[in-house]
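K.L.:
Below is the structure I would like to discuss, written out as structure tokens.
The values are calculated or read from the model by the stated rules, or taken from the named source; none is laboratory data. Only a predicted model underlies this, so the values are computations on that prediction, with no experimental measurement involved. Glycine gets a Cβ as well: all are built from the backbone with ideal geometry, and neighbour counts include every protein chain shown. Remember, those area values only see protein heavy atoms, side chains included, never the ligands or the DNA or RNA. Shrake-Rupley method; radii C 1.70, N 1.55, O 1.52, S 1.80 Å.
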Amino acid sequence: MTRGEARSGGSAAPRGVDVARLAGVSQKTVSRVFNGEQYVSAEVRRRVLQAAETLGYRLNNAARALASGRTRSIGVVALGTALYGPASLLIGIERAARDAGYALRVVNTLEGDPGGVAGAVESLLEQGVDGIVVSEPIDEGGVSLSIDVPVLVLGAPASFAGPRAVATGVGAESLARAATEHLLDLGHMTVHHIAGPQRWFAARDRLAGWRAALTARGRDQPPVIEGDWSAASGYAAGLELASGGDVTAVFAANDDMAIGLIRALTDAGLRVPGDVSVVGFDDIPVAAYVTPQLTTVRQPFDAVAQDGLRLLVQSIEKPDVELPPANDPPVDLVVRCSTAPPPRRQAQGRGRRQTASRSRGGAHAPPDADESPSVR
């Protein structure tokens with residue numbers, strides 16, 4: 001059936017009633033589908049959308065806005081960066097908003113921009129958005145701004161006053177902890193860390209996860225080296241670590257820095273993972289194709305965006321209903337070839353220390369808890 005054949009009268013623009021007739025449902029059901037409401041089965045939703053596509057039907061958003069008092073649009077304040085993490089999260093937000101029946105309006109900010117997040121939010125409010133997402137901002141100090149629409153802050157503390165402001169994490173601290181624990185479980189005595197720039201809340205969360213893992217095991221915390229997310233800064237950090245001579249494991253706060261680190265260690269004559277194990281963060285597409293293939297933690301961009309948009313849309317459409325708690329993002333450790341047990345020289349040294357300790361403590365002294373590390 002062609003579009004012209006499906007339409008009533010063959011020439012008039014298709015209407016909701018035409019979609020309902022072709023899909024075999026009521027006109028109210030068509031409205032529910034296009035308004036993103038619940039209680040519509042997947043099969044019915046599919047039929048309605050297929051009928052709309054066949055007819056070339058497009059919902060009149062202006063009319064719907066007048067009827068509901070909403071524009072069916074969500075504003076996003078995002079960092080103007082090509083970095084994999086922020087860009088991927090923005091794509092996830094766009095997909096989740098579209099699935100919920102909302103258009104997206106994006107305003108990018110730049111690090112060091114004097115207008116910053118506050119200026120971007122003001123711009124979106126002038127456009128009449130129904131809600132705002134602030135996606136992984138950097139720390140700009142106190143933001144004095146009162147917002148009268150629901151606001152969702154992803155990956156940072158809520159910094160706005162308003163009737164419906166909610167902040168949700170993106171799981172960075174849990175992922176960083178899992179990355180560090182993986183290296184400790186392999187038998188490494190401690191783990192060094194190449195951190196991201198500390199104005200970024202994302203970098204702070206990864207640093208906190210690394211520290212939490214070491215603290216829980218009672219391990220020393222080596223000095224942190226701060227990079228700028230680039231492979232070049234990872235390379236510089238790698239040369240510094242290689243000169244120390246006592247590094248066996250490193251967790252880098254993103255994959256680009258981890259890749260630069262591996263190159264520096266290799267240029268310094270060290271083997272990865274034979275001498276030094278490396279874990280990254282993000283699971284960028286190239287991580288599986290570098291040499292060695294990079295062990296990393298995968299960020300759950302889609303899950304974070306979908307859960308966050310679920311809360312924001314509920315706050316927009318049901319302002320008097322208490323919001324449910326946010327879901328914990330999944331932790332996905334991707335083990336590849338850049339991690340292994342520590343080199344034999346460390347294992348031998350630890351064995352000698354354990355033997356001496358047991359001799360001093362008597363025959364029944366307990367063995368070291370890490371004597372038989374297991375690979376996660």
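K.L.:
Looking at (1) open to solvent by 50 Å² or more (accessible area, probe 1.4 Å); (2) closer than 30 Å to Leu152 by Cβ, which one does Gly269 not meet, given that it meets all the others?
P.N.:
(2)
K.L.:
Just name the residue that is surrounded by the most Cβ atoms within 10 Å (Cβ to Cβ) out of those in segment 309-340 that are touching a Leu at 6+ places or on another chain (Cβ under 7 Å) and of a type in the set (Val, Ile, Thr).
P.N.:
Once the filter is applied, the top-ranked residue is Thr339.
K.L.:
Within segment 113-135, can one find any residue that is at pLDDT 80 or above and closer than 18 Å to Leu207 by Cα?
P.N.:
no
K.L.:
Could you tell me whether any residue of segment 277-284 is over 20 Å from the mean Cα position of the chain (by Cα) and surrounded by 21 or more Cβ atoms within 10 Å (Cβ to Cβ)?
P.N.:
Within segment 277-284 (the criterion being over 20 Å from the mean Cα position of the chain (by Cα) and surrounded by 21 or more Cβ atoms within 10 Å (Cβ to Cβ)), the answer is yes, since at least one residue qualifies.
K.L.:
Let me ask something else about it. Quick one: in segment 91-104, which of the residues that are in contact with a strand residue (DSSP E or B) (Cβ under 8 Å, 6 or more places away or on another chain) and under 12 Å from Leu309 (Cβ atoms) is surrounded by the fewest Cβ atoms within 10 Å (Cβ to Cβ)?
P.N.:
The qualifying residue surrounded by the fewest Cβ atoms within 10 Å (Cβ to Cβ) is Arg98.
K.L.:
Continuing with this model, one more query. Just for segment 208-242: of the residues that are polar (S, T, N, Q) and assigned to a helix (DSSP H, G or I), which one is farthest from Arg177 (Cα to Cα)?
P.N.:
Ser233
K.L.:
For segment 209-234, enumerate the residues that are among the small types (Gly, Ala, Ser), under 24 Å from the mean Cα position of the chain (by Cα) and open to solvent by 30 Å² or more (accessible area, probe 1.4 Å).
P.N.:
Selection gives Ser230, Ala231, Ala232.
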